[in-house]
Structure formats: C-alpha cells, structure tokens
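Heads up: the structure comes next, in structure tokens.
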Amino acid sequence: MSRYLRNITESLSSLLTGMGITWMHMIRIKKDNVTLQYPEEKWPRPERNIGFNHEDYNVIRSRLQVDINDCIGCLKCERICPVQCIKIETEKAPVRGDDINEINHKGITSNGSKKAQIVTRFDIDMTECCYCNLCTYPCPEECIYMTGGPNSKKHPIDYEFSEYDRSDLIYRFAKKGTKEGFSKIKENKGV
C-alpha cells in the first residue's frame, strides 16, 4: 500500500513540475518565441558551408527546372527516368511559313538547333522524383537541370518547395494553350 501511495505522489509531483515549467514559459513568452508557421514563414538560411561546394556539386536534393524554350521534344529525359515522373507530349511542327515561330516563340534553341517538334506537355511530378539527376545528362540541349550548384546562374538553389496540396508539386513547364493554338493555326492555314 505504501508503494502505491509513493507512486501516486511521484506521478503528481512530476506532473506539477512539468506543468510549472510550461506555465513559466507561457508567462515569459517573447515576440517570435513561438512555433514558426512554416510554409508562410521561413527562418533565414544561414550563410555558411553546409557540406558541399555549390559550384562543383550538382546532385543535391533540389528541384528540377526546365527551360522550355530550349526543349526540342526528344523525350530522352522521359525515357531514362527510373520512376517515370516526367511526362512529355509533342506534336510535329508545321512546315509552312513562320508558324513554328508563333507557337514556340523562337523556333530555334539557344544552342542554335532548329525545333522540329512542339512540346505541348512537359510535366514533372516532384512527389515521385527520386532526385537521381539521371534526366539531366542525356538532354542534348541542356534544358533540364537541377537548381543550384553549377546551374545557380540559371536558377538559384531551391530546397524548400513544400505545398499543402500534393497536386501543386506537379510542375507544368509547357505553355498552356499551346496545343489549341497549334490546332487553330493549322485550321487557318489549311495544313
């Protein structure tokens, strides 16, 4: 019986000690001494060496970025992706006139290659991506790349891309309405 009462006493004393510490923190609360509301508020990232040299290291857990104006629609990145998180759809570019310039905004990549196909869909589902960086190597135009590292001139490092909804992590790089615009041009030109 004495052991039973001693356990109750120890339980109550430890409970009151813990609650006392909690109440003292609540009384002495200071501004910005509360939980950070993460997606809206972010702590400033410290400027320090975090274990790799940004210029040399590219296989970091950052997101994929695509320069859609340089994409020629070769589908090499889609085929090599081990988890099939890249979805690309293309259509053959019209032959007549400057229609390809109207649709692709240029018709020629930054490397000087001519575009023979129009990319109507280029989606990357970052919820499925395993960050292996395999899709960046076979691209002949170097239009798909991981952010940061040697690509920091193109796009800074981006490691915080959390979203409330999972569907917001599907990045769509192709211009919306491209396919419809292509169909309207074909109808008007009689292609």
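The values are calculated or read from the model by the stated rules, or taken from the named source; none is laboratory data. Everything numeric in this text was worked out from a predicted model, so none of it was measured. Cβ coordinates were reconstructed from backbone atoms using ideal geometry, including for glycine residues, and neighbour counts include every protein chain displayed.
Would you check if V83 is modelled with pLDDT of 85 or more and crowded, with 19+ Cβ neighbours inside 10 Å?
So V83 fails the test.
From the residues in the range 163-187 that are among the β-branched types (V, I, T) and at pLDDT below 50, which one is surrounded by the most Cβ atoms within 10 Å (Cβ to Cβ)?
Step one: list which residues in the range 163-187 are among the β-branched types (V, I, T), which gives 170, 178, 185.
Restricting the remaining residues to those that are at pLDDT below 50 gives 178, 185.
Values: T178: 19, I185: 17.
Ranking the qualifying residues of the range 163-187, first place goes to T178.
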For this session: Could you tell me whether any residue of the range 102-114 is farther than 16 Å from S62 by Cβ, at pLDDT below 70 and of a type in the set (D, E, K, R)?
Result: yes
Seminar exercise, completed: T35 passes all but one of the listed conditions (1) surrounded by 10 or more Cβ atoms within 10 Å (Cβ to Cβ); (2) at pLDDT 70 or above; the exception is number (1)
For this session: For residues that are surrounded by 17 or more Cβ atoms within 10 Å (Cβ to Cβ), modelled with pLDDT under 85 and of a type outside the set (A, V, I, L, M), tally how many sit in the range 134-154.
Result: 4
For this session: Note down all Cβ pairs under 6 Å where the first residue falls in the range 66-80 and is on the phi > 0 side of the Ramachandran plot, the second is of a type in the set (S, T, N, Q), and they're at least six residues apart or on different chains.
Result: G73/T90; G73/Q117
For this session: Looking for whichever is at pLDDT 80 or above, within 29 Å of S167 (Cβ to Cβ), in a loop (DSSP other than H, G, I, E, B) and of a type outside the set (K, R) here; the options are T90, T120, T127. Which one fits?
Result: T127
Seminar exercise, completed: Every listed condition ((1) modelled with pLDDT under 90; (2) under 30 Å from S113 (Cα atoms)) holds for H25 save (2)
